[in-house]
Each structure stands twice: as C-alpha cells, then as structure tokens.
Amino acid sequence: MRRKAIVANWKMNMDSASIGEFCSKIQDMTIKDDVIAGICVPALYFTQVKTALDKSKIKIGAQNAYFEEKGAYTGEISAAMLKDAGAELCIVGHSERRQLFGDTDEIVSKKLKAVLSKEITPILCVGEVLAQREEGTHKDHVKKQIESAFSGIGKEDAKKIIVAYEPIWAIGTGKVASAEDAEEMCGFIRSILALKYGDIAESILIQYGGSVKLENISELMKMQNIDGALVGGASLEAQSFESLVMKA
Ligand code: 13P
C-alpha cells in the first residue's frame, strides 16, 4: 500500500508572525502512520519553521533549488544549502516557476537531479494549461514533461520522487479537476513510469494539486492512483492544513 503525502505549498505567502502562530497550532497535530505531512516554505523562513516544528513528524521543504552546487549565481539557493539547513522536501518544476521564471524541461531535469543527489525528496510538478486540455493534447504534454524529467534517472532514484499532477487551470482558481479526471491523469502518469521502470511505478507517489480543500479532498483521496495532495491556498491556515492531513 502506498502512503499518502499531503504537502502544503505556501508559495510567496506568510510572514514571521503568521508562521509563528501557524506552527504553534500544529506542532502537536496527529499524523497517521500511512500519511506523510509536509510544508514547503519560502526559503527565508525555512529555519524558523524547522526550529518551531523540530519535535513534529512534519517534513519541512523548499519550493525551488538551483542545480549548481555553489558559485556566482546571485539570488539562488542550492540543493546543498537546503540540505545543510535540514530540508527533507523540495518542489521542482512548479508551473509558476515554469511559466514565470523560465524553468524549462531541461532546467527542471537538472534541478531534479541536484535535489536527488542531496537526498532530499523532490516533488516534481507537471500539468497542462486549459487550452491543451480543451484541444486534447494534455496527455502528450504531461508525457513529455515526465519523460524529460525522468530521463537519466535510474530505478533507485525514481522511487524517491513524488510526482504532483497539477493542471494549471485548477491552480488558485477554485476550479478543481473532477476526481475522475485527476485519477485518469495520475493513472496515465503511472503507466508512463511503468513503461520505464516496471513494477517500481507502483511504489511512486503521485499527488494531485489544484484547488484542493476540505470540501473535495476525501473524494480525490479515494482514487486508486492519487496518493495525496499538494495544496496551496487551503494550506495557509493551520486548522485547514491539519484537517486536510487528517482526511488523507
Ligand atoms: P491551490 O491549492 O491554491 O490551487 O494551489 C495549488 C498549487 O499550486 C500547489 O502547488
């Protein structure tokens, strides 16, 4: 049985005061053994969250990492630095980074390898825009993203990657994909991984992300190929995050 991973992606939200309050509310929350709970925080607040939740089972992660180890890359943070700070998770290839900050498939592939090399669990995001879904090219698009990201990655590393299927039209729009559509795509992703890795694909966690909230999480989590959720807006409030983890 695969575990379920519920991970908050705070994006560029929160400040030290709201983070302090959030952490004090969730530090003792119960997490079932078959659930992984995580929070991917803005890098500046990483250590604050890590320290505040040091007794909790919640995994703390970052939202991005640069692929070079160190050097003249102003403004960037390496996977080595994240590891040094204690990161256990790192989002790679989020659609906002792909669309706004020029993360191409090639860059995403390099970042994925850099994060894996530091023994940090990557959460690799893939997903289509609305026009692609409407014209029926969404599967081709996601297949290309998956094949590119996993190229050059062996079985042992493949097992460590969490994939997040996040249709871009469902992110921050309140428009959640139907549980059936989300399941179809997560199953499709697993079938692509099975062609490359065989049975290993059965152990890879595949999350859904895009307007996940209390009202829709149970239906999504019932699906065979959906192994958790990557949550933006609904993860910014402690009670809501805790309830989402409870419902996984
Ligand atoms: P929302 O949950 O706000 O739609 O964001 C989803 C997301 O992008 C998580 O990475």
Residue match in region 35-50 (condition: surrounded by fewer than 16 Cβ atoms within 10 Å (Cβ to Cβ), modelled with pLDDT of 95 or more and in a loop (DSSP other than H, G, I, E, B))
no
State whether the residues of region 222-236 include one that is open to solvent by 10 Å² or more (accessible area, probe 1.4 Å), free of Cβ contacts under 8 Å to residues at least 24 places away in the same chain and within 15 Å of the ligand (Cβ to nearest atom).
yes
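Select, from GLY209, GLY172, the only residue that is within 18 Å of the chain's Cα centre (by Cα), open to solvent by 30 Å² or more (accessible area, probe 1.4 Å) and within 10 Å of the ligand (Cβ to nearest atom).
When all the criteria are applied, what remains is GLY172.
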Determine whether region 143-155 contains at least one residue that is open to solvent by 40 Å² or more (accessible area, probe 1.4 Å), farther than 26 Å from GLU119 by Cβ, more than 16 Å from the chain's Cα centre (by Cα) and away from the ligand (no atom under 12 Å from the Cβ).
yes
Pairs where the first residue, in region 121-132, is among the acidic types (Asp, Glu) and the second is more than 13 Å from the ligand (Cβ to nearest atom), C-beta under 8 Å, 6+ apart
GLU128/THR137; GLU128/HIS138; GLU128/HIS141; GLU128/VAL142
Kindly provide the set of residues from region 95-111 that are in a helix (DSSP H, G or I) and either β-branched (Val, Ile, Thr) or more than 16 Å from the ligand (Cβ to nearest atom) (or both), ordered by number.
ASP105, GLU106, ILE107, VAL108, SER109, LYS110
Among the numbered conditions (1) part of a loop (DSSP other than H, G, I, E, B); (2) over 23 Å from LYS83 (Cβ atoms), tell me where SER24 comes up short.
(1)
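The values are calculated or read from the model by the stated rules, or taken from the named source; none is laboratory data. Please read these numbers as outputs of a predicted model, since none were measured by experiment. Virtual Cβ from ideal backbone geometry, glycine too; neighbours counted across all protein chains shown. Note: areas computed on protein heavy atoms with side chains; ligands, DNA, RNA excluded. Shrake-Rupley method; radii C 1.70, N 1.55, O 1.52, S 1.80 Å.
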